[in-house]
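In what follows, a single structure is set out as structure tokens and then discussed.
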Amino acid sequence: MEEQEQTQKPQANNRRLVLFPIPAQGHINPMLQLANILHSRGFSITIIHTHFNAPAKSKHPHFTFLPISDGLSPTKAPMGNIISFLTLLNSNCVAPFRDCLAGLLADGPIACLITDALWHFSQSVADGFGIPRIVLRTSSISSFLVYAAFPTLQEMGYLPKQGVGLLSSLSFFLGLSGFELLFIFPCMN
């Protein structure tokens, strides 16, 4: 386990929660908002985070922050390809995350682990330690609608398509204009 930055002693009453966000602002911020709500209900909060895009610890002095190695350098992070980036993070963070949890368990029980939905390995690690796990999905309703529509879009022959054809297909299916889709899904631009 790497250097621990302790700002709060864990409570002995098994109300200690561990949260693990993906290192992206759209994932860190909702996780910290949830942590604030849970802290206000009496839970002790530990945030495990990667070095890449680490959360602002000074804004949350009531949490314990534990950095883990992500194996990335600013020049090595494949930010142009989000799938490659997430795959690399999921591969690089398994052992450091497991070691960090083992260290936390040595200090006392963990009531629950709350991880981002994109940490694919975290369920097997939690199961290995016998820790209950909850997934926080930080995506918007538009993402949910698109994911839910994928099977129907495939059945109708609209997917897989590339480029503008995809926009017109989604526009037809969701009843949105191409401009609205580009606003909602800027990655299609």
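The values are calculated or read from the model by the stated rules, or taken from the named source; none is laboratory data. Only a predicted model underlies this, so the values are computations on that prediction, with no experimental measurement involved. Heads up, the Cβs are rebuilt from the backbone with ideal geometry, glycines too, and the neighbour counts pull from every protein chain shown. Areas reflect the complete protein model, heavy atoms only, side chains present, ligands, DNA and RNA absent. Shrake-Rupley method; radii C 1.70, N 1.55, O 1.52, S 1.80 Å.
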### Query
In this structure, does Ile22 turn out to be in contact (Cβ under 8 Å) with a residue 40 or more places away in the chain, open to solvent by less than 50 Å² (accessible area, probe 1.4 Å) and either closer than 19 Å to Ser143 by Cβ or part of a helix (DSSP H, G or I) (or both)?
yes
### Task
Just give me the residues in segment 105-118 being touching a residue at least 40 places away in the same chain (Cβ under 8 Å) and within 17 Å of Thr46 (Cα to Cα), in sequence order.
Asp107, Gly108, Pro109, Ile110, Ala111, Cys112, Leu113, Ile114, Thr115, Asp116
### Candidate set from segment 124-160 (those that are open to solvent by less than 70 Å² (accessible area, probe 1.4 Å) and among the polar types (S, T, N, Q)); member that is nearest to Ala111 (Cα to Cα)
Thr138
### Message
Please count how many residues of segment 37-52 are open to solvent by 60 Å² or more (accessible area, probe 1.4 Å) and under 19 Å from the mean Cα position of the chain (by Cα).
### Response
2
### Query
Among the residues of segment 38-48, is there at least one that is under 13 Å from Ile114 (Cβ atoms), modelled with pLDDT of 95 or more, β-branched (Val, Ile, Thr) and part of a helix (DSSP H, G or I)?
no
### Query
Name the residues in segment 133-177 that are assigned to a helix (DSSP H, G or I) and modelled with pLDDT under 55, would you?
Val164, Gly165, Leu166, Leu167, Ser168, Ser169, Leu170, Ser171, Phe172, Phe173, Leu174
### Message
Need the failing condition index for Thr87 against (1) free of Cβ contacts under 8 Å to residues at least 40 places away in the same chain; (2) open to solvent by 50 Å² or more (accessible area, probe 1.4 Å); (3) in contact with a helix residue (DSSP H, G or I) (Cβ under 9 Å, 6 or more places away or on another chain), just the number.
### Response
(3)
### Summary
Of (1) under 13 Å from the mean Cα position of the chain (by Cα); (2) closer than 16 Å to Pro67 by Cα; (3) part of a helix (DSSP H, G or I), Ala95 fails just (1)
